[in-house]
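The structure appears below as structure tokens.
The values are calculated or read from the model by the stated rules, or taken from the named source; none is laboratory data. Predicted model only: the values in this text are computed from it and were never measured. All Cβ positions, even for glycine, are placed from backbone atoms using ideal geometry, and neighbour counts span all protein chains on display.
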Amino acid sequence: MQRNPLLRNISYLLAVDEHRNFTRAADALCVSQSALSQKVRQLEDELGAQLFDRGGRVVRLTEFGTIYLEYARRAYYDLLTAQRAVKDVHDLSRGQLRVAFTPTFTEYLVAPVIEYFHEKYPGVVIEMTEMSLDAVETALVEDQVDLAFGFTDVRFDEIEAEPLFAEQLMLVVGNDHPLATQRTAVTPEQFAKIPLALLTTNFVSRFYVESYFTSRDMQPTVALQANSISAVLKIVSHGKIATILPSSIEFEHSNLQYVSLNPAFPVRTAALLRYKRAYRSVASTAFVASVMELLGDGCLSSLGMSKKGITDRTPGSRMECENPKQQ
């Protein structure tokens, strides 16, 4: 619960609006229903207007409540940001950083970046959250995270996207797959007949796969689908089922074979995302700088080289991140 009385009062209103029920809202807030009801009544008396319509089976905002909550919600997130700004430690001897990322980045990008940053600033506690791209953008706007790894084509104008490197989906197979030794690009007709292990529809890469086939009036041969990239990679590496994943995962998975397609998937640009209006803590600024260092001349430089286009990387060319204390 928020110690600031104003934040606490707004959180009461937001919880009732979210749950549309005083009992469930009280449970979520860890307060009694009577205390919650009394506080909402008190706020309504102070404002001189009714915020919630309690007459139906569910609690709904009144017209006045809708307008009031619009501004109250905005103030709530601004006050949370202000609290974090006050607690910010400028020498980075301690602090907190909230980072979100879409699942594909887990396979090659997140670990070296976090390791590098932690070595430089061990006192900063990092809270990491893996979520879908839509959820990432919502979390940024609602000040649930400070930074996120995503892509430049964001939904919200309020989100700033700093380009990192180009990324392209490719056909990925194990060493025993019939296509492992193919040197020519796979055509859409061939592609449609290849049994695929695909990520579920809540992954953005699945959208690109579906779009690729739809635009050619074709259907993929889906052998299985999973909501875990690790599971898909395991299946592909040990069997004769292929998958579609970003070519950048070769950075960590050089044991797999990457087969080009003709025509290829569109190139998309990976980016660091942040909310334009959010307070930029010293920790978040240092994190951005660390990412750029690794992409510039650090162990992720092979990714950084592809900022303006896809580059060919020799399999197994992965570099080890140096300990920054030894540089």
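Quick notes on this structure:
- Of the strands (runs of 3 or more DSSP E) lying entirely inside segment 55-160, the ones with 1 or more residues being modelled with pLDDT under 90 are found at 95-101.
Yes/no matrix, rows are residues, columns are (1) assigned to a strand (DSSP E or B); (2) farther than 30 Å from Asp78 by Cβ; (3) at pLDDT below 90:
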{"residue": "Ser237", "(1), (2), (3)": "no, yes, no"}
{"residue": "Thr243", "(1), (2), (3)": "yes, yes, no"}
{"residue": "Ile249", "(1), (2), (3)": "no, yes, yes"}
{"residue": "His253", "(1), (2), (3)": "no, yes, yes"}
{"residue": "Tyr258", "(1), (2), (3)": "yes, yes, no"}
{"residue": "Ala264", "(1), (2), (3)": "no, yes, no"}
{"residue": "Ala271", "(1), (2), (3)": "yes, no, no"}
{"residue": "Ala283", "(1), (2), (3)": "no, no, no"}
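- If you check Val110, Val125 for being closer than 23 Å to Tyr275 by Cβ, assigned by TED's automatic domain parsing to the domain that holds Arg277, β-branched (Val, Ile, Thr) and surrounded by fewer than 15 Cβ atoms within 10 Å (Cβ to Cβ), only one passes: Val125.
- Residue among Gln225, Gln219 that alone is in a strand (DSSP E or B) and either more than 26 Å from Glu115 (Cβ to Cβ) or out of contact with any helix residue (DSSP H, G or I) (no Cβ under 6 Å at 6 or more places or on another chain) (or both): Gln225
- Residues (surrounded by fewer than 21 Cβ atoms within 10 Å (Cβ to Cβ), closer than 22 Å to Asp176 by Cβ and either of a type in the set (Gly, Ala, Ser) or free of Cβ contacts under 8 Å to residues at least 12 places away in the same chain (or both)) located in segment 235-287: Ser237, Gly239, Ser254, Ser260
- Qualifying residue in segment 196-210 (condition: farther than 30 Å from Phe156 by Cβ and modelled with pLDDT of 90 or more): yes
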